[in-house]
1. Could you tell me which residue of segment 205-241 is modelled with the lowest pLDDT, considering only residues that are open to solvent by 90 Å² or more (accessible area, probe 1.4 Å), part of a helix (DSSP H, G or I) and not hydroxyl-bearing (S, T, Y)?
2. Applying the selection to segment 8-35, what residues are over 20 Å from I116 (Cβ atoms) and surrounded by 15 or more Cβ atoms within 10 Å (Cβ to Cβ)?
3. Among the residues in segment 88-97, are any modelled with pLDDT of 85 or more and surrounded by fewer than 21 Cβ atoms within 10 Å (Cβ to Cβ)?
4. Within segment 55-78, is even one residue assigned to a loop (DSSP other than H, G, I, E, B), open to solvent by less than 40 Å² (accessible area, probe 1.4 Å), more than 27 Å from H197 (Cβ to Cβ) and modelled with pLDDT of 90 or more?
5. Before we move on, is K163 under 25 Å from D98 (Cβ atoms) and touching a helix residue (DSSP H, G or I) at 6+ places or on another chain (Cβ under 7 Å)?
Amino acid sequence: MSNNITCIIVDDEPPAIRLLQKYTEQLQGIECLATCTRAVEALALIEQHKPDVVFLDIQMPELTGIQLSAIIKDKVKVVFTTAYPQFAIEGFEMNAIDYLLKPIPFNRFIAAVEKIRKQNTEPTAIRLPADTTADEYFFVKTDGKNRYQRMQIKDINYIESIKNYVVLHTSSEQVVTYNTLKYFEENLPDNLFIKIHRSFIAAIGKIEKTDNNEVWISGKCLPLGDTYRNDFFSRIERFKI
């Protein structure tokens, strides 16, 4: 895969757009395809250009960056840009690649681009067939070049998203890999795993008990999100006697 990155810049402040455009011109390997000052305009630009990433301001009229991110999350990576640090947690909960605080220094922009490039060029897990069983395994990439760790499916209790990382929890260890929860949601077999919250995927066979808002696995209480509740109990119903 090419190391070249394409981007769109979305910000309601033209000086902020000009600064990021200048950065893309100075840094080799990234190209700005388009810019706009309104989040609603970005939707059409994303469909037209299909960029690798959107540098997205959070505080904008009509539609905020957080709201736009929820709409485009399956189409493009997002790096949030804002002058307000209090939005950092909400930004990372949206699985943003990075969070740049204005005024954005050039070195922070470079670091964000390297994160994007790393996700684009380094596979972090091996795709599993749909009929995978609990006795099988896969590999995840950990820190360092060409460092992979084998994960036995039957050992995984749950998977947690923390900022730009994913933690695979077993009874004996926690394995950290640079990835998104969405990747594991799409590639793990749905007969063995189920998403219960925007930050958690649970191993169905490790669930000990539930109530309307929580799921217990190996003595750990995990939240059950409103968005996932109906599907969760529909799946659990199949195992009821």
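The values are calculated or read from the model by the stated rules, or taken from the named source; none is laboratory data. In this text, all values refer to a predicted model and were calculated from it rather than measured experimentally. Virtual Cβ from ideal backbone geometry, glycine too; neighbours counted across all protein chains shown. In case anyone asks, the SASA skips ligands and DNA or RNA and just uses the protein heavy atoms, side chains included. Shrake-Rupley method; radii C 1.70, N 1.55, O 1.52, S 1.80 Å.
1. The selected residue is E237.
2. Answer for segment 8-35, where residues must be over 20 Å from I116 (Cβ atoms) and surrounded by 15 or more Cβ atoms within 10 Å (Cβ to Cβ): D12, E13.
3. Checked segment 88-97: no residue is modelled with pLDDT of 85 or more and surrounded by fewer than 21 Cβ atoms within 10 Å (Cβ to Cβ).
4. no
5. yes
For (1) touching a Phe, Trp or Tyr at 6+ places or on another chain (Cβ under 6 Å); (2) in contact (Cβ under 8 Å) with a residue 40 or more places away in the chain; (3) hydroxyl-bearing (S, T, Y); (4) outside the structural domain of A111 (by the TED database), each residue gets a yes or a no:
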{"site": "K141", "(1), (2), (3), (4)": "yes, no, no, yes"}
{"site": "Q149", "(1), (2), (3), (4)": "no, no, no, yes"}
{"site": "V176", "(1), (2), (3), (4)": "yes, no, no, yes"}
{"site": "H197", "(1), (2), (3), (4)": "no, no, no, yes"}
{"site": "G205", "(1), (2), (3), (4)": "no, yes, no, yes"}
{"site": "K209", "(1), (2), (3), (4)": "yes, no, no, yes"}
{"site": "N212", "(1), (2), (3), (4)": "no, no, no, yes"}
{"site": "G225", "(1), (2), (3), (4)": "no, no, no, yes"}
